[in-house]
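The values are calculated or read from the model by the stated rules, or taken from the named source; none is laboratory data. None of these values were measured; they are calculated from a predicted model. Using ideal geometry, Cβ is built from the backbone for each residue, glycine included, and neighbour counts are taken over all protein chains shown.
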Amino acid sequence: MRVVNVNTNTPYDILIERGLIGKVGALVRNVTKAGKAFVITDSNVGALYADVVTESLRESGFDTALFTFPAGERSKTLDTIAAMYDYMADFRMSRRDIVVALGGGVTGDMAGFAAATYMRGISFVQIPTSLLAQVDSSVGGKTGVDIRQGKNLVGAFHQPSLVIIDPDTLGTLPELYFSDGMAEVIKYGCIKDREFFETLESGDAAEMIEDVIERCVSIKRDVVNRDEKESGERMLLNFGHTLGHSLEKIYNFDGLSHGQAVAIGMVMIARASESAGITAGGTAARIEALCKKYNLPVSDKASAAEIAAGCAGDKKAGGGSVNLVLLKSLGESFIEPTPLSALEGFICQK
């Protein structure tokens, strides 16, 4: 078993091994004395894994309840969270009990937020089943929901007690979901690890998936250990996300997945900064080629004006400016505060 230790204010381990989905109960029992485990999942993942996870938890002495919501970003709302609270209260959850997030990024974000806020905070465990969640969103303690004005504008930092990653769960997903997660994988190479980026260029991520997952969570672990609450370095993890979140909002969180939007955002911002003489020549073309290799889009019909307008509501914006993550070269990134008034002109450079 591969173990990545996270040393935030609430230390925890990330466990990576094929077949772990059937051993959840014993693993969770190792980190809690809770009597009740409240499993949160979506309609797609629940159909595949809810029974095996709840049965494993029961075998380890947990009284379990299962909450299932309709799969998709459109469920990531305060209304869904309110329904979770009602179910948790009816189940008589106490501060000693634990929430188990079983699913992709949407599930992890919402289950974590419910855990962060129910009774002012209870423990939770992440069991990410999508590549995006395994390499990125399940680690670091960011939780939240979307509101009409933008993505993840309501949330809390709340670290999990444990992250359980079973790469075998990726085999049950449509190809689209693997590609979706590859956007976040590529992001890590762009911002922190040129050698990793080159490995993705020359090899097949699916054939070395455990190495890929471990490398990504290790990079994120190192960043989060140094900047848990995103006051500085952790902002680098948002490469491609400012423009990507705007695209998601333009499409009303339907029709363009998170990973697809981030891929477009990475290519768009790299092209712009390269045109401005900030990023080494040829960088954008390599990012574009790698995204295409993993079946990710690299452009969109939305105009620079529409995308720039959508950035005004991003949680990284404030005081009339937005913090853009730019590259000097592959593996070398930095944060550039940019006036919102100048953003359209910057991203539409040729």
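Annotations for the structure displayed:
- Scanning segment 191-205 for residues that are surrounded by 15 or more Cβ atoms within 10 Å (Cβ to Cβ), in a helix (DSSP H, G or I) and out of contact with any strand residue (DSSP E or B) (no Cβ under 6 Å at 6 or more places or on another chain) turns up Lys192, Phe196, Phe197, Glu198, Thr199, Leu200, Ala205.
- Conditions (1) out of contact with any Phe, Trp or Tyr (no Cβ under 9 Å at 6 or more places or on another chain); (2) assigned to a helix (DSSP H, G or I): number failed by Lys33: (2)
- Where a residue in segment 7-24 is modelled with pLDDT under 95 and its partner, wherever it lies, is assigned to a loop (DSSP other than H, G, I, E, B), with Cβ under 8 Å and at least six apart: Thr8/Gly141; Thr8/Gln159; Thr8/Glu228; Asn9/Gln159; Asn9/Glu228; Thr10/Gly141; Thr10/Gln159; Thr10/Ser161
- All of Arg221, Arg148 fail the test of being among the basic types (Lys, Arg) and assigned by TED's automatic domain parsing to the domain that holds Ala115, apart from Arg148.
- Taking segment 288-305 as the range and being within 17 Å of Tyr188 (Cβ to Cβ) and outside any helix (DSSP H, G or I) as the test, the residues that pass are Tyr294, Leu296.
- Residue in segment 142-163 that is touching a residue at least 24 places away in the same chain (Cβ under 8 Å), crowded, with 24+ Cβ neighbours inside 10 Å and hydrophobic (A, V, I, L, M, F, W, C) present: yes
- Pairs linking a residue in segment 31-60 that is more than 15 Å from Gly108 (Cα to Cα) to a residue that is modelled with pLDDT under 95, with Cβ atoms under 6 Å and 6 or more positions apart or on different chains, are Leu48/Thr172.
- Condition met for Val185 (part of a helix (DSSP H, G or I) and aliphatic (A, V, I, L, M)): yes
- Positions within segment 79-132 being aromatic (Phe, Trp, Tyr) and either out of contact with any Ser or Thr (no Cβ under 8 Å at 6 or more places or on another chain) or assigned to a helix (DSSP H, G or I) (or both), in sequence order: Tyr85, Tyr87, Phe91, Phe113, Tyr118
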